[in-house]
Amino acid sequence: MKKVVKFGGSSLASASQIKKVADIIHADPSRQYVVPSAPGKRFSDDVKVTDMLYQAYDAAAKGEEFEPKMKRIRDRYQEIIDGLGLDLSLEQEFAVIEDYFRRQAGRDYAASRGEYLNGIVIAKHLGYRFIDAAEVICFDEKGFFDSEKTHELLRERLKNVECAVIPGFYGAMPDGSVKTFSRGGSDVTGAIVARAVRADIYENWTDVSGVMITDPRIVPDAKPIDTLTYQELRELSYMGASVMHEDAIFPVRKGGIPINIRNTNAPEDPGTMIVESTCRQPKYIITGIAGKKGFCSVNIEKDMMNTQIGFGRKVLQVFEENGISFEHTPSGIDTFSVLVHQSEFVDKEQSVIAGLHQAVQPDTIDLEGDLALIAIVGRGMKAKKGTAGLLFSALAHRRVNIKMIDQGSSELNIIIGVRNDDFETAIRAIYDAFVTSQD
């Protein structure tokens, strides 16, 4: 058995948290490869180390005094080092960082130093080898992650290394300059390492006991999901569920490696298993509910639209020419709607309307803003009759008006559009209908 374990910022925010992490790692000898994030918040009003580094770098880039901001970061790490009782000095690393800040090495470099320094500390505490991610995680000349080059390099580097700490979130460009993934990118690093070492499981440790069926800020007693598939996770992540970085799925999927979402503060909880496929029947018809606010619907009407070859392509080309991506395109015989992010659309709406008139000569164009999209996701929906009926009944009972309905051909999800103001009410209604009432 071989495991890669990734720990998030909240799990590594202080010496006491890192001690918990060390106990978890040492409790299972198969936890051989560790991917740490930068220290997160210790309490609600605290500041993440990554944000502190951004602040210090931005001050340096403006030619302002930034040493006091760096001192706060030094003190934060020294507090961790002292709390762990380590014989370790980061003075040389900080001297290099400050020099690079003065030379304006870039915000990616600045952001990455949180993981880099934390990796050194954790490797020392565990007695594991430290491997700088800039040496093994590769991006190409255009700044895109180079999957296959990284896989070969990392596999070769770790071939004879029994236990190692590889910081998350960053890698390097061909010229050696540091490049980061987007926020949450430590999840991606963990998945990349898991694929390279052919891990049996990729454990992603955070501050919750797995993936919840829906956002606990909306439904405080939301239940955890025991098992979900990569595809279900992709659907939920895409629709706003903050489970883990959605790009983290691809490396482990290639290797057929399951992901286990675990809780650092409750290591006895089994968490959520994320797998390629499973014959396990889900406890409920649905697996999860997720959604996002802030959409706009562009509704186009034209008689005999369905007989005009290329109508849809011409409509979408107008959005492409205006640099606007679309989310969904529900349609009828004489109607065609395009749902877009309102923030992207609002400054270009008149240009889009003019373009649509020129491209397809519609009878009418109607805009409706302040919409939210909610996805009901679950592999169990395929085999269950009446899912849509139960959904619509639950929303009608709470007096929520459905503005749009869209179901994918996979029958894995149903997406509905509602008013922004009805978003939370709709999610609670769906949860009660499919989960609470089924217990």
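For segment 100-159, what is the relative contact order in percent, using Cα pairs closer than 8 Å and at least 6 residues apart in sequence? Don't jump to the answer; show the numbers that get you there.
Details: 20 pairs, mean separation 11.2, N = 60.
Relative contact order comes out at 19 percent.
Quick check: Cα centre of segment 239-256 to Cα centre of segment 277-291, how many Å?
After rounding, the separation between the Cα centres reads 17 Å.
Starting from 0.36 nm per residue, how many nanometres of slack lie between D200 and T335 once their C-alpha separation is accounted for? Don't jump to the answer; show the numbers that get you there.
Values: separation 135, 0.36 × 135 = 48.60 nm, distance 4.97 nm.
Full extension from D200 to T335 adds 43.6 nm.
Under a point spin-label approximation (7 Å from Cα along Cα-to-Cβ), what is the R398-D82 distance to one decimal in nm?
Each label point lies 7 Å from its Cα, and together they span 5.0 nm.
Compute the label zone of D58 within segment 94-121: residues whose backbone N is under 12 Å from the point 7 Å along Cα-to-Cβ.
What the label zone holds, given the 12 Å backbone N cut-off, is no residue at all.
Taking a cut-off of 16 Å between Cα atoms, list the aspartates and glutamates near K254, but don't count ones fewer than 8 places away on the same chain.
Once the sequence-local aspartates and glutamates are set aside, what remains near K254 is D146, E148, E152, D187, D200, E246, E276.
What FRET efficiency comes out for the pair E91/F130, r = Cβ-Cβ distance, R0 = 25 Å, nearest 0.05?
So the FRET efficiency works out to roughly 0.90.
Mind checking the angle between helix 67-84 and the chain's longest principal axis? C-alpha axes, 0 to 90 degrees, to the nearest 10.
70
Once phi is turned into θ = phi - 60°, what whole-Hz ³J(HN,Hα) does the Karplus curve with 6.51, -1.76 and 1.60 give for every residue of segment 250-257, x standing for Gly and Pro?
Going residue by residue, I get 5, x, 6, 5, 4, x, x, 9 Hz, with x marking Gly and Pro.
Dipole size in debye (nearest 20) for the chain around its Cα centre, Lys and Arg Cβ +1, Asp and Glu Cβ -1? Kindly include the intermediate steps, with their values, before the conclusion.
Details: 53 positive and 63 negative charges, 222 e Å.
The calculated dipole for the chain is roughly 1060 debye.
Give the calculated FRET efficiency between A266 and Q350 to the nearest 0.05, with a Förster radius of 41 Å applied to their Cβ-Cβ distance. Mind dumping the intermediate values first?
Working: r = 53 Å, r/R0 = 1.30.
It comes to 0.15.
Estimate the FRET efficiency between T425 and I309 by the formula 1/(1 + (r/R0)^6), using the beta-carbon distance for r and 45 Å for R0, to the nearest 0.05. Present the calculation step by step, with values, prior to reporting the outcome.
On the way: r = 42 Å, r/R0 = 0.93.
About 0.60, to the nearest 0.05.
Once both labels are modelled 7 Å past Cα along the beta-carbon direction, what's the D366-E65 spacing in nm?
Output for this residue pair reads 6.2 nm.
Top mean-square fluctuation among S16, S112, S186, Gaussian network model of the chain, C-alpha springs under 10 Å?
Among S16, S112, S186, the largest GNM mean-square fluctuation belongs to S16.
Each residue of segment 352-363 in turn: what ³J(HN,Hα) in whole Hz from Karplus with 6.51, -1.76, 1.60 and θ = phi - 60°, glycine and Pro shown as x?
Here the 3J(HN,Hα) series is 5, 4, 4, x, 5, 4, 5, 7, 10, 6, x, 6 Hz.
Past 21 Å, Cα to Cα: identify those pairs from K149/K179; K69/K124; K2/K149; K314/K348, in the order given. Before the final figure, lay out the partial values.
Working: K149/K179 15 Å; K69/K124 25 Å; K2/K149 23 Å; K314/K348 17 Å.
In this structure, K69/K124; K2/K149 lie more than 21 Å apart at Cα.
Compute the accessible area per residue over the chain, keeping the other protein chains in place, probe 1.4 Å, unit Å². Display every interim value, and only then the final one.
Working: 20210 Å² over 439 residues.
Value returned for the chain: 46 Å² of accessible area per residue.
Please give the peptides 222-235, 121-134, 326-339 ranked by average Cβ packing (other Cβ atoms within 10 Å per residue), highest first, as a rough proxy for protection. Don't skip to the end; give the middle numbers.
Working: 222-235: 20.5, 121-134: 18.9, 326-339: 17.4.
Ranked from most to least packed, the peptides come out as 222-235, 121-134, 326-339.
Just by accessible area at a 1.4 angstrom probe, what is the order of Y54, Y238 from largest to smallest?
Numbers: Y54 45, Y238 90 Å².
Final ranking, largest accessible area leading: Y238, Y54.
Carbon and sulfur: what percent of segment 305-438's accessible surface (1.4 Å probe)?
Details: 3140 of 6780 Å².
Looking at segment 305-438 in its full context, I get 46 percent from C and S.
Leaving ligands, DNA and RNA out of it, work out the accessible area of C163 with a 1.4 Å probe and give it in Å² to the nearest 10.
Probe radius 1.4 Å; accessible area of C163 about 40 Å².
Quantify, in whole percent, the carbon and sulfur part of the accessible surface of segment 45-147 (1.4 Å probe; protein heavy atoms only).
Numbers: 2150 of 4990 Å².
After summing per-atom areas, the C and S share lands at 43 percent.
Give me, ordered by chain and number, the residues 5 or more places off N204 or on other chains with an amide H under 5 Å from its own placed amide H.
Counting only residues 5 or more places away or on other chains, the set is K6, N260, I261, R262.
Would you please give the residues with an amide H less than 5 Å from that of V211, counting only those at least 5 places away or on a separate chain, with H modeled from the backbone geometry?
Residues meeting the criterion, in which the H sits 1.01 Å from N, are I225, T272.
At Q358 and A383, where each label point lies 7 Å from the Cα along Cα→Cβ, what is the point-to-point distance in nanometres?
So the two model labels end up 5.4 nm from each other.
Sequence neighbours fewer than 8 away in the same chain don't count; with that in mind, list the lysines whose C-alpha is under 16 Å from K223.
Qualifying lysines at Cα under 16 Å: K283.
How far is the Cα center of segment 189-208 from the Cα center of segment 388-439, in Å?
Going from one Cα centre to the other spans 34 Å.
I'd like the orientation of helix 15-26 relative to the chain: the angle between its Cα long axis and the longest Cα principal axis, in ° from 0 to 90, rounded to 10.
90
Name the most mobile residue of Q317, Q78, Q17, meaning the one with the largest mean-square fluctuation, in a Gaussian network model of the chain with Cα contacts below 10 Å.
In the Gaussian network model the winner is Q317.
The values are calculated or read from the model by the stated rules, or taken from the named source; none is laboratory data. Keep in mind the model is a prediction, meaning the values are calculated, not measured. Glycine also receives a Cβ, built like all others from the backbone with ideal geometry; neighbour counts cover every protein chain displayed. Accessible surface areas use protein heavy atoms only, side chains included; no ligands, DNA or RNA. Shrake-Rupley method; radii C 1.70, N 1.55, O 1.52, S 1.80 Å.
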